[in-house]
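Below is one structure, written out as structure tokens, with a few remarks after it.
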Amino acid sequence: MMKRILITGGAGFVGSHLCERLLNEGNEVVCLDNYFTGSKKNIEHLMDHHYFELVRHDVTQPYMIEVDEIYNLACPASPVHYQYNPIKTIKTSVMGAINMLGLAKRVKAKILQASTSEVYGDPSVHPQPESYWGNVNPIGLRSCYDEGKRCAETLFMDYNIQNNVDVKIIRIFNTYGPNMNPNDGRVVSNFIVQALKGEDITIFGDGTQTRSFQYVKDLVEGTIRMMNSRDGFMGPVNIGNPGEFTMIELAEKVLKLTNSKSKLIHLPLPKDDPMQRKPDITLAQKELNGWEPKVHLEEGLVKTIAYFDKLLKEA
Ligand code: NAD
Ligand code: UDP
């Protein structure tokens, strides 16, 4: 059955893939964005679609619409962007959640929150299961993002308990792929753009810190399965790829796949930068019909490199 679906942050990296997939599945999609980090370019190929609508709006302000489902993705995700205006970042997470939950309550829509592995902070439990409460600095550089997302999770659960809103929460681990902003500042886009331009590859710290990288297609699949998961299952559920790599390993893979002669250089490690991160996806496998990531890092990097290569040549 055709649903009308609101996607906040729909012009961003992940949102644009979600818009496309849900449209292709025969739904009506309303993409809401203030274009802080997103871009019309990410969704311009959808503009002519009869069932696609674009709304310029900021989620810190209430918004009214009749919809069946809401995917709440609006929020800058790269440290460079979320630290640019930290107060705005936390307002986006907290007031954005309140406004979208209020809307869901009024129109009886099901609502999914894009939370993050950052709720685990610099984790002392490895890999991270959903039952781990995390190790987050409440007053650090990353707090506007981490604590904003933690508070959004709280609001989602409380709107369920108090107002019976049908909520779903996913905790997304580092995701990469086409439509990432080349100036995004995240590690995968930085390394690829640097390698393609022959610039030095900027390793922060000694490069032994780890991340687990998920290709965007796997995330979109997990996200939609979560929206459609059994009644009463709210999560939070980890959606990530358990393949864990150091930043040095990532840089070497990017150099190899781009045939680049770029040199690795070391820059200071930002404060509060987590040392390790890897999802425990047992819960997702159990609750989301055996969902698990399918795209291996090298395969996803090849696709992402092709995207940035084309983008840089066009520029
Ligand atoms: P992104 O920055 O590409 O997309 C975020 C989108 O939200 C952009 O289009 C931006 O313009 C929009 N936006 C920001 N503030 C807004 C506001 N106040 N009102 C309306 N729109 C606003 O980031 P992304 O990687 O696509 O992330 C999407 C969501 O997934 C975010 O909520 C992010 O926290 C979460 N997430 C992403 C990752 C990842 O690795 N990509 C990891 C964990 C969580
Ligand atoms: N990083 C790096 N060089 C860069 C950008 C990031 O070495 O040019 C490191 C960063 O210090 C962190 C890891 O890569 O340890 C992942 O950073 P990103 O900003 O992509 O995501 P997050 O830290 O939010 O997981």
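The values are calculated or read from the model by the stated rules, or taken from the named source; none is laboratory data. Treat the numbers as computed from the prediction; the structure is a model and nothing was measured. Note: ideal-geometry Cβ built from the backbone for every residue, glycine included; neighbour counts use all protein chains shown. The area values use the complete protein model at the heavy-atom level, side chains included, leaving out ligands, DNA and RNA. Shrake-Rupley method; radii C 1.70, N 1.55, O 1.52, S 1.80 Å.
Annotations
- Remark: pairs (first residue in the stretch 75-86, under 11 Å from PHE13 (Cα atoms); second residue within 10 Å of ligand 1 (Cβ to nearest atom) and open to solvent by 70 Å² or more (accessible area, probe 1.4 Å); Cβ separation under 8 Å; 6+ apart in sequence or on different chains) = PRO76/PHE36.
- Matching entry among ILE248, ILE170, ILE192 (being open to solvent by 30 Å² or more (accessible area, probe 1.4 Å) and closer than 21 Å to VAL295 by Cα): ILE248
- Residue count for the stretch 261-315, restricted to those that are in a helix (DSSP H, G or I) and polar (S, T, N, Q): 3
- Just one of the numbered conditions (1) at pLDDT 95 or above; (2) in a loop (DSSP other than H, G, I, E, B) is not true of GLU252: (2).
- A single entry from GLY177, GLY185, GLY198, GLY140 fulfils the requirement of being buried (at least 21 other Cβ atoms within 10 Å of the Cβ), over 16 Å from GLN276 (Cα atoms) and of a type outside the set (Val, Ile, Thr): GLY177.
- Residue match in the stretch 207-222 (condition: open to solvent by 30 Å² or more (accessible area, probe 1.4 Å) and either near ligand 2 (Cβ under 10 Å from one of its atoms) or modelled with pLDDT under 95 (or both)): yes
- Of all the numbered requirements in (1) under 30 Å from MET275 (Cβ atoms); (2) surrounded by fewer than 17 Cβ atoms within 10 Å (Cβ to Cβ), ASN24 misses one, and that requirement is (1).
- For the stretch 271-300, residues that are within 16 Å of ligand 2 (Cβ to nearest atom), surrounded by 17 or more Cβ atoms within 10 Å (Cβ to Cβ) and over 19 Å from HIS126 (Cα atoms) total 2.
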